Structure formats: C-alpha cells, structure tokens
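**Student:** Below you'll find the structure I mean.
The values are calculated or read from the model by the stated rules, or taken from the named source; none is laboratory data. None of these values were measured; they are calculated from a predicted model. Ideal geometry is used to build each Cβ from the backbone, glycine not excepted, and the neighbour counts take in all protein chains shown. Side chains included, ligands, DNA and RNA excluded: accessible areas come from the protein's heavy atoms. Shrake-Rupley method; radii C 1.70, N 1.55, O 1.52, S 1.80 Å.
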Amino acid sequence: MCSSDLPSGMRNLLEAFLVFVRDQIAVPQIGEKARYFVPFLSTLFLFILCCNLLGLFPFCSTATGNLAVTGTLALISAFATHFSGIFHKGFVGYLKTMAPSVPAALYPLMFVLELISHIARPFSLTVRLFVNMLSGHIVLLVVMGFIFIFRNLAVAGVSVAVAVALSCLEILICFLQAYVFTYLSALFLGMAVQSEH
C-alpha cells in the first residue's frame, strides 16, 4: 500500500464519521443487514450535520431550522423504512408486522395503532429536529438583542460572553441532533427489516 492510499486530512475526518455511523448507529440498530443502509445513514448524518453547522456562520441560516427541510428529511427516512421493509419481507409479510402475534380479534385494533405510530414517526422526526435547531438560534438572537435593548457596555460584554458560550453549546447540539435523527432512522429501518419484528 503506497502512502497516497492512506487517508489524511479531510479524507481521514470523513472516514471517522463513516466508521462512527456504521459501528455506533447502523450495526447496533439494524444488525447483519446494516451494510445495505450505511451509505443512506451516512449521507443523512453528514447532510444534517452540515445544515446544522451552517447556521453558526455569519450571514448564513440553518436549513434544518425550516419545517420544509426537516419534513422532507423525515419523509425520505419514512419512505426508505417502508420500502426496505417491503423489499426484505414482501408486501404481505411487511403488512403482517403491523400487528405481530396478537389474537385475531385484536388484529384490527393493533393494525390501526401501528398505522398511527408509523404516521407519527416522521412527524416526531420533523418537529424534534426543527424545534431544537430553531430554539438554539432564537436564544442566541435574544441574548445578542440585549445589547440593543439596554445599550450598556457591561450588558454588551456579558451578552457577547454568553453568546460565545451558547455558540459552543450550539456546536454540540448540531452534532447531537444529527446523531439523534440518524439513530432514530436506523432504529425504524431495523424494525422494518429484521425478521423478528
């Protein structure tokens, strides 16, 4: 292996993210079929992370602070979940997982409850990411707004210090929200494709 094949710089950082998504998210949640979903989950993780971090730069906005973006990401995740479940189990087999091992009399009720849960999943993914990203930026704007409200040098100094601390916290939240969205997507994919579900 020549030295040019060894990852360095940005390739090394990207490989660390991909290995993290594979080993810490995909494999524990999906199991032996995880290799099929690692490219999708890695793309999802890196896209959400970049969109989240974009809002921390001056004159930029967080794309995930928009309901249309988070809703589209959640619908893509839901489509991938249902498509994968149907692909791995067949249409009838996937429908049978909507109410697993219940008495026949309870099947219609369980089917409706499971259907509601499948509708609620993308909604919860949408709202969770949107609210967490938007609320952090609103808090930063409020803290910085104190400078213009009070017009005091002491308040300005405290506001800037608090804004810097909150920006550091926002970096952590950006990573955390990308992880949570990807983790939950992997969890739903695992539930759809695993044979015991």
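Quick grid of which residues meet (1) out of contact with any strand residue (DSSP E or B) (no Cβ under 7 Å at 6 or more places or on another chain); (2) open to solvent by less than 20 Å² (accessible area, probe 1.4 Å); (3) touching a residue at least 60 places away in the same chain (Cβ under 8 Å); (4) not hydroxyl-bearing (S, T, Y):
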| residue | (1), (2), (3), (4) |
| --- | --- |
| N12 | yes, no, no, yes |
| F20 | yes, no, no, yes |
| Y36 | yes, no, no, no |
| F45 | yes, yes, yes, yes |
| M98 | yes, yes, no, yes |
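**Student:** Please find, within segment 142-176, the residue that is nearest to A16 (Cα to Cα) out of those that are among the β-branched types (V, I, T), open to solvent by less than 80 Å² (accessible area, probe 1.4 Å) and touching a Phe, Trp or Tyr at 6+ places or on another chain (Cβ under 9 Å). First the steps, then the outcome.
**Tutor:** Filtering segment 142-176 down to residues among the β-branched types (V, I, T) leaves 142-143, 147, 149, 155, 158, 160, 162, 164, 171, 173.
Going one step further and asking which of them are open to solvent by less than 80 Å² (accessible area, probe 1.4 Å), we end up with 142-143, 147, 155, 160, 162, 171, 173.
Right, trim to touching a Phe, Trp or Tyr at 6+ places or on another chain (Cβ under 9 Å) and you get 155, 162.
Details: V155: 41, V162: 31 Å.
Going through the qualifying residues, I end up with V162.
Conditions tested, residue by residue: (1) surrounded by 15 or more Cβ atoms within 10 Å (Cβ to Cβ); (2) closer than 24 Å to M144 by Cα; (3) among the hydrophobic types (A, V, I, L, M, F, W, C).
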| position | (1), (2), (3) |
| --- | --- |
| N52 | yes, yes, no |
| L56 | yes, yes, yes |
| G65 | yes, yes, no |
| T70 | yes, no, no |
| A80 | yes, no, yes |
| S84 | yes, no, no |
| H88 | yes, no, no |
| F91 | no, no, yes |
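**Student:** Which one of these does F130 not meet: (1) of a type outside the set (S, T, N, Q); (2) assigned to a helix (DSSP H, G or I); (3) open to solvent by 80 Å² or more (accessible area, probe 1.4 Å)?
**Tutor:** Of the numbered conditions (1) of a type outside the set (S, T, N, Q); (2) assigned to a helix (DSSP H, G or I); (3) open to solvent by 80 Å² or more (accessible area, probe 1.4 Å), the odd one out for F130 is (3).
**Student:** Within segment 98-116, identify whether any single residue is in a helix (DSSP H, G or I) and within 18 Å of V180 (Cβ to Cβ), and answer yes or no.
**Tutor:** No, because not a single residue in segment 98-116 is in a helix (DSSP H, G or I) and within 18 Å of V180 (Cβ to Cβ).
**Student:** Among (1) at pLDDT 90 or above; (2) over 21 Å from the mean Cα position of the chain (by Cα); (3) of a type outside the set (D, E), where does I173 come up short?
**Tutor:** Here I173 clears every test but (2).
**Student:** Yes or no: segment 27-50 includes at least one residue that is among the small types (G, A, S), touching a Ser or Thr at 6+ places or on another chain (Cβ under 8 Å) and assigned to a helix (DSSP H, G or I).
**Tutor:** no
**Student:** Out of segment 16-43, which residues are in contact with a Leu (Cβ under 7 Å, 6 or more places away or on another chain), modelled with pLDDT of 90 or more and closer than 23 Å to M133 by Cα? Before you say what the answer is, go through the steps one by one.
**Tutor:** Restricting attention to segment 16-43, the residues satisfying the condition of being in contact with a Leu (Cβ under 7 Å, 6 or more places away or on another chain) are 17, 21, 25-26, 29-30, 37, 42.
When the remaining residues are screened for being modelled with pLDDT of 90 or more, the result is 21, 25-26, 29-30, 37, 42.
Those that are in contact with a Leu (Cβ under 7 Å, 6 or more places away or on another chain), modelled with pLDDT of 90 or more and closer than 23 Å to M133 by Cα: V21, I25, S42.
**Student:** Of everything in segment 179-194, what is open to solvent by less than 40 Å² (accessible area, probe 1.4 Å) and of a type in the set (S, T, Y)? Give them in sequence order.
**Tutor:** T182, S185, listed by residue number.
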